[in-house]
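Following: one structure in structure tokens, then a few remarks.
The values are calculated or read from the model by the stated rules, or taken from the named source; none is laboratory data. Here the structure is a predicted model, which means the values were calculated and not measured. When we count neighbours, we look across all protein chains shown, and the Cβ atoms used for this are built from the backbone with ideal geometry, even at glycine.
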Amino acid sequence: MNKFILNPKEKYVFIMGAGASKDDNLPIQDEILKNILKQEFAFKNKEGSHIREYKKVSNEIKSILTNIFTGKKSIDNISLETIFNVLETAIYKNENIGKIQLEKIKKYYDSLLKGIMFATLTDAKLKEHNIFNRKAKSPYTILGQKIYNGCKKQNNIDISFITFNYDICLDRVLLSMYNEDENKSFDVDFGIDLGNYEQEKWFHRPRKRKISLLRPHGSINWVFCKSCGKIFSKISKQGKPLELVERTKCYNCGLSSVEPYIVHPTNNRIYENKYIMQIWSKVENILQEADNWCFIGYSLPEADRYFSYILSKIYNLRKIKKNNLPKISVVNPNSYINKHKSILEKLKSYKNDNFAVDINEIDDYFCYVQKGRDVFKRFENYFNDVKKYECSFKEFVLNYFWVI
């Protein structure tokens, strides 16, 4: 695989999916539900109060599977999207599900949101996601270090991140680039006017040197006020996560309690919050201007159909202008395909007179099973000349990512 060389004179956008956080011991979406049911959450506070809360949420989700679906039989065959689709539709239609009252359905809904938040909280100490950590293990930190050290003498850089992950590992890394001296700092631009900017002792609006971090699906550390409409990021400028306390009054108007804000995983995601709409608008602007689109741990899932549409629309618009197409890079271990290849190779090497096997028949079956699951082929349906990095995010930043 060729090196990915970042040239500060060009414009870059990095699109991060769940696979990017895998090396930080955070679950991909397929694993979140199982982790909730088993109470396998990374974050644990010193007081031990997490134990009671984790158990409560886990029992609520088990109750969903028992009362709405088929109990233990559902665990291996159901997805978060399926559960959210059922609950959300009932709430939207203002209907009960059998004997389950609407009020209980709403409580299930809230518990599922909490479960996702618990499952995507990191237990890594703050210093792990700091660019000045010389012993960093997180690929986010290593990426941030290379960008910061390679670009710190530049008057400005044009680097943006679009992340569909709820975790705050990337936020911590980028916020660690902050310096009181704006000439030495790279400030984080979240693409919206956060309520934090009007509060004392919270981070301020980005200054002249900034890196965009856009979150079209929100974040586990975002809270929203239904009265004044403000969104707050409950993370300090140094990147230390603050407690998400229930029933905390809005820091701006004090009229309502702030609530966690994430766009949950369903097949029909609705982007109606004005701030989320602003973020989507900036996503489009960045994609229109960037010379390089680099997808890391992102696989164009079916549930992200709106983003797939945006990518396709902008890419085809850029085709009209000569020499205006972005360079496409995809970083993904493509694990499903590699696993099947490994099994097939083992079968080919296995020789036994009593073991008759038609390799071609097995190969055909694997091709059928793999249909639509090959990440690189999925990208090739949309884009020409895809540069492939068949590896983990960590291997990519250690061995292939460089800044000139």
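More than 20 Å from the chain's Cα centre (by Cα) and surrounded by 15 or more Cβ atoms within 10 Å (Cβ to Cβ), is that true of LYS322? In short, no. One residue alone among ILE220, ILE192, ILE231 is modelled with pLDDT under 85 and either in contact with an Asp or Glu (Cβ under 6 Å, 6 or more places away or on another chain) or closer than 16 Å to ILE276 by Cβ (or both), and that residue is ILE220. For LEU170, the conditions (1) closer than 24 Å to PHE41 by Cα; (2) hydrophobic (A, V, I, L, M, F, W, C); (3) not in a helix (DSSP H, G or I) all hold with the exception of (3). Within the stretch 68-81, identify whether any single residue is modelled with pLDDT of 85 or more, part of a helix (DSSP H, G or I) and among the hydroxyl-bearing types (Ser, Thr, Tyr), and answer yes or no. Scanning the stretch 68-81 turns up no residue that is modelled with pLDDT of 85 or more, part of a helix (DSSP H, G or I) and among the hydroxyl-bearing types (Ser, Thr, Tyr). Among the residues of the stretch 184-192, are any basic (Lys, Arg), under 21 Å from LYS9 (Cα atoms) and in contact with a strand residue (DSSP E or B) (Cβ under 7 Å, 6 or more places away or on another chain)? No, because not a single residue in the stretch 184-192 is basic (Lys, Arg), under 21 Å from LYS9 (Cα atoms) and in contact with a strand residue (DSSP E or B) (Cβ under 7 Å, 6 or more places away or on another chain).
Starting from residues that are in contact with a Phe, Trp or Tyr (Cβ under 8 Å, 6 or more places away or on another chain) and of a type in the set (S, T, N, Q), keep the ones in the stretch 253-278 and report whichever is modelled with the highest pLDDT. Of everything passing the filter in the stretch 253-278, ASN273 is modelled with the highest pLDDT. Could you list, in sequence order, all residues of the stretch 99-132 that are farther than 23 Å from TYR166 by Cβ and either assigned by TED's automatic domain parsing to the domain that holds LYS394 or in contact (Cβ under 8 Å) with a residue 24 or more places away in the chain (or both)? Hits for the stretch 99-132 are ILE100, PHE132.
Of the residues making up the stretch 84-105, those that are part of a helix (DSSP H, G or I), over 30 Å from GLY19 (Cα atoms) and in contact with a helix residue (DSSP H, G or I) (Cβ under 8 Å, 6 or more places away or on another chain) are ALA90, ILE91, LEU102, ILE105. Residues of the stretch 122-167 that are part of a loop (DSSP other than H, G, I, E, B), in contact with a strand residue (DSSP E or B) (Cβ under 8 Å, 6 or more places away or on another chain) and surrounded by fewer than 24 Cβ atoms within 10 Å (Cβ to Cβ): ILE157, ASP158, PHE164. Working only within the stretch 23-50, note down all residues that are at pLDDT below 75 and part of a helix (DSSP H, G or I). Selection gives SER49, HIS50.
For the stretch 285-311, the set of residues classified as part of a strand (DSSP E or B) and surrounded by fewer than 22 Cβ atoms within 10 Å (Cβ to Cβ) consists of ASN292 only. Of the residues that make up the stretch 153-167, is at least one closer than 21 Å to VAL258 by Cβ and of a type in the set (Lys, Arg)? The answer is no; no qualifying residue exists. Taking each residue of the stretch 296-318 that is in contact (Cβ under 8 Å) with a residue 40 or more places away in the chain and looking for partners that are surrounded by 14 or more Cβ atoms within 10 Å (Cβ to Cβ) and of a type in the set (Lys, Arg) with beta-carbon atoms closer than 9 Å, six or more apart or interchain, yields GLY297/LYS22; SER299/ARG373; SER299/ARG378; LEU300/ARG378; ALA303/ARG269; ASP304/ARG269. Screening ALA20 against (1) within 30 Å of LEU214 (Cα to Cα); (2) modelled with pLDDT of 90 or more; (3) outside any helix (DSSP H, G or I) leaves a single unmet condition, (3). Considering the stretch 384-404, the residues that are aliphatic (A, V, I, L, M) and assigned to a helix (DSSP H, G or I) include one that is farthest from ASN7 (Cα to Cα), namely LEU398.
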